[in-house]
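S.K.: Sharing a structure with you now.
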Amino acid sequence: MRKASGCLMNLLKHCEMPKYPHPCTHCGFCCLVEICPAGLGVLGVSESEKRQPCPLLRWQGVESRCALILAGAKGMGDGEGCCIKATVIHKGEARDFAALSEKEKVVLTQQFIRG
Ligand code: SF4
Ligand code: SF4
């Protein structure tokens, strides 16, 4: 069998990579900063007003869940990992929010809620 070229190997590696490599820890940050397309549709909120906490977010302590998913909605990315694209300055360092630890996400989210 012929060896796969480096380029093909890279492509195969890319295909095997999960879409969102970091787990969702249910910190709720993404839904606090912006209402997702599904939420906009259900709530009848316009795209231009999406930068606000989603009223469909439900809390149990510091853990959050989407009311639509709790009600059985499918195809909303539940279980696919942390999908947020955000850079945060944490302890003086620019970090990818999705790659933060569960504890770091909780601390930053709770600080954000307290303002
Ligand atoms: S709580 Fe649900 S509907 Fe609202 S932004 Fe989050 S995922 Fe979307
Ligand atoms: S910011 Fe990431 S970890 Fe937090 S609830 Fe959203 S998807 Fe999950």
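S.K.: Quick one: in region 22-36, which of the residues that are part of a helix (DSSP H, G or I) and farther than 14 Å from Ile69 by Cα is nearest to ligand 1 (Cβ to nearest atom)?
M.R.: Checking each candidate, the answer is Cys30.
S.K.: May I ask you to say which residue of Lys19, Lys3, Lys13, Lys74 is more than 21 Å from Arg114 (Cβ to Cβ), within 15 Å of ligand 2 (Cβ to nearest atom), among the charged types (D, E, K, R) and at pLDDT below 95?
M.R.: Lys19
S.K.: Name the residues in region 38-72 that are part of a loop (DSSP other than H, G, I, E, B) and loosely packed, with under 14 Cβ neighbours inside 10 Å, would you?
M.R.: Across region 38-72, the qualifying residues are Gly44, Ser46, Arg51, Gln52, Pro55, Gly61, Ala71, Gly72.
S.K.: I'm trying to understand the selection: among the residues of region 44-59, which are more than 8 Å from ligand 1 (Cβ to nearest atom) and closer than 19 Å to Pro23 by Cα?
M.R.: Listed by number, the list holds a single entry, Trp59.
The values are calculated or read from the model by the stated rules, or taken from the named source; none is laboratory data. Being a predicted model, the structure only gives us computed values, none of them experimental. Note: ideal-geometry Cβ built from the backbone for every residue, glycine included; neighbour counts use all protein chains shown.
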